[in-house]
Amino acid sequence: MVGPNDGLNNAKIDGTGMRFGIVCATFNFEIVDALRRGAVRGFTTHGVREADIETHWVPGAFELPVAAKVLARTGRVDAVIALGAVIRGDTPHFEYVSGEAASGLQRAALDTGVHVAFGVLTVNTLEQALERCAETDNKGEEAAVGAMMTVQTLRTIAGN
């Protein structure tokens, strides 16, 4: 299957010396924890030391933006990944939570100048969520690789 991030597979990614924060929602814990494990795997596979990855938990996807913003402002991390899983139900709750999480995370990045990767699954079914947090196709791992690539690019732009 060809997807929008296929170019990441050919990019030279080196996370050596980078520091990352992961903020995770406890809602849909099993799914989000699988995304977190994928993100850690993505980081460590590309040279990030486990000691340079810090993880924090909040109740749900709605709370991710404030945690990401506060973590970004600490200066301890080069980028933040926000991980959550919002599964469509029978009420408009899905639209409110997923929309606010997305726009809030974007504002956190713009307000702090620190990249905040959007690793929140917004899916129609539990089965779709499980497919996206599997060992072989893990969106948390994909977010980690994208975050490292973005940090590399930002450093190049800044002349570092």
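Pairs are defined by a Cβ separation below 6 Å, a sequence spacing of at least 6 or placement on different chains, a first member in region 98-117 that is part of a loop (DSSP other than H, G, I, E, B), and a second member that is buried (at least 18 other Cβ atoms within 10 Å of the Cβ); the pairs so defined are 114/72.
If you check 46, 93, 56, which single one turns out to be without any contact (Cβ under 8 Å) to a residue 12 or more places away in the chain and either surrounded by fewer than 20 Cβ atoms within 10 Å (Cβ to Cβ) or over 13 Å from the mean Cα position of the chain (by Cα) (or both)?
Just one listed residue meets the conditions, 93.
Number of residues in region 43-92 that are farther than 27 Å from residue 127 by Cα, in a strand (DSSP E or B) and not charged (D, E, K, R): the value is 2.
Yes or no, residue by residue, for (1) loosely packed, with under 15 Cβ neighbours inside 10 Å; (2) under 22 Å from residue 13 (Cα atoms); (3) not hydrophobic (A, V, I, L, M, F, W, C):
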| site | (1), (2), (3) |
| --- | --- |
| 76 | yes, yes, yes |
| 98 | no, no, yes |
| 105 | no, no, no |
| 125 | yes, no, yes |
| 138 | no, yes, yes |
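Taking into account only those residues within region 1-56 that are of a type in the set (Gly, Ala, Ser), in contact with a helix residue (DSSP H, G or I) (Cβ under 6 Å, 6 or more places away or on another chain) and over 18 Å from residue 84 (Cβ atoms), which is modelled with the highest pLDDT? By that ranking, first place goes to 15.
The values are calculated or read from the model by the stated rules, or taken from the named source; none is laboratory data. These numbers were taken from a predicted model, which means no experiment stands behind them. With ideal geometry, Cβ positions are generated from the backbone for all residues, glycine too; neighbour counts draw on all protein chains shown.
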